[in-house]
Amino acid sequence: MSWPHVDYDPDLWMQVPNSWEGTPWKGPKEWSRHMSEAAWGDSGSEATRKDLKGLAATLRACAEQFPQSHPGFDVYLHLPDPRFMPLPVYVASIESDGEREETLRALVTTDDADLVEEPIVEDFGTGLLGTGLRSLRYTQTGAERTIVAGVRYAWRAEEAGCDVVVIVAAPDPRRVLGAMEDLDAFAARISVA
C-alpha cells in the first residue's frame with residue numbers, strides 16, 4: 001500500500017512534521033517559531049513581535065493537538081494569511097476494502113448522529129487520482145451545539161490498493177467555505193506511488 005504525497009503550494013500550506021527526528025527542529029516550539037517568521041515574512045505585512053509570538057503560539061498548539069484528532073494521518077495547515085486561524089487538513093490512505101462506490105460514500109459521509117442535515121456529496125475528479133467523491137457536511141458538537149463545517153474527499157487508487165481520504169473540519173463554517181477553492185486545488189495535487 002502507498003502513502004499519499006501532496007505537492008502543496010507553500011504560500012498557502014504548511015505540513016506539520018509527523019516526527020521531529022530528521023528535521024531541523026527539536027520539536028513543536030522551534031518549528032512554530034520558524035514557521036511563524038516564514039509566514040509573516042512571506043506575507044508582505046509588517047509583523048510586530050506580538051504578531052510573531054501570537055502566530056508561533058497558535059502553530060505550536062496546532063502541532064501538539066491536531067495530530068491527536070486523527071492519529072496516523074498527515075496534517076497540513078491552510079494558512080494563506082498569518083492573521084487567519086490555521087485550518088487543519090488531514091490526509092491518509094487506508095487499505096481498500098469493499099465495493100468502491102459504497103466504501104467511498106461511507107468515507108465521505110459516515111453515519112454521524114451529530115449531522116445537522118444530509119451531507120452534499122458530489123463527484124470530484126483529479127488528474128492524479130481520477131474520480132472520487134467530495135462531501136460538504138455540517139455537524140453540531142459540544143454542550144453549546146457549535147456548528148462545525150466539514151469537507152471530506154475520498155478516492156480509490158486501485159493500482160496502489162488503497163483508498164485516499166482527506167478530512168477538513170472547523171467550528172467556523174465561513175473559514176471552511178472561504179477555503180473551498182484552495183482545498184479543491186490541494187486535493188487535486190495528491191498522488192500515490
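The values are calculated or read from the model by the stated rules, or taken from the named source; none is laboratory data. This is a predicted model, so every value here is computed, not measured. Quick reminder, even Gly has a Cβ in these numbers, built from the backbone with ideal geometry, and neighbours come from all protein chains shown.
Some points to look at:
- Selected residue (criterion: farthest from VAL89 (Cα to Cα)) from residues of region 14-30 that are touching a residue at least 12 places away in the same chain (Cβ under 8 Å) and part of a helix (DSSP H, G or I): LYS29
- One residue from SER135, SER69 being farther than 19 Å from HIS5 by Cα and in the same structural domain as ALA39 (by TED's automatic domain parsing): SER69
- Residues of region 47-68 classified as within 16 Å of SER19 (Cα to Cα), of a type outside the set (A, V, I, L, M, F, W, C) and surrounded by fewer than 16 Cβ atoms within 10 Å (Cβ to Cβ), total: 3
- Subset of region 117-136 that is without any contact (Cβ under 8 Å) to a residue 24 or more places away in the chain and of a type in the set (Val, Ile, Thr) - its residue that is farthest from GLY178 (Cα to Cα): VAL121
- Yes/no for TYR8 being aromatic (Phe, Trp, Tyr) and part of a strand (DSSP E or B): no
- Matching residues in region 163-187 - criterion: being surrounded by 17 or more Cβ atoms within 10 Å (Cβ to Cβ) and among the hydrophobic types (A, V, I, L, M, F, W, C): VAL164, VAL165, VAL166, ILE167, VAL168, ALA169, ALA170, VAL176, ALA179, LEU183, PHE186, ALA187
- Here VAL75 meets the list (1) outside any helix (DSSP H, G or I); (2) surrounded by fewer than 18 Cβ atoms within 10 Å (Cβ to Cβ); (3) in contact (Cβ under 8 Å) with a residue 60 or more places away in the chain almost entirely, failing just condition (2).
Each row is one residue, and each column tells you yes or no for (1) at pLDDT below 95; (2) outside the structural domain of GLU181 (by TED's automatic domain parsing); (3) not in a helix (DSSP H, G or I).
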| residue | (1), (2), (3) |
| --- | --- |
| SER32 | no, yes, no |
| GLU37 | no, yes, no |
| GLY41 | yes, yes, no |
| GLU46 | yes, yes, yes |
| LEU55 | no, yes, no |
| ARG60 | no, yes, no |
| GLN65 | no, yes, no |
| MET85 | no, yes, yes |
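- Pairing each residue of region 93-116 that is within 17 Å of GLY161 (Cα to Cα) with any residue that is aromatic (Phe, Trp, Tyr), provided the two are 6+ apart or on different chains, yields C-beta distances under 9 Å for SER93/TRP3; LEU104/TRP155; LEU107/TYR153.
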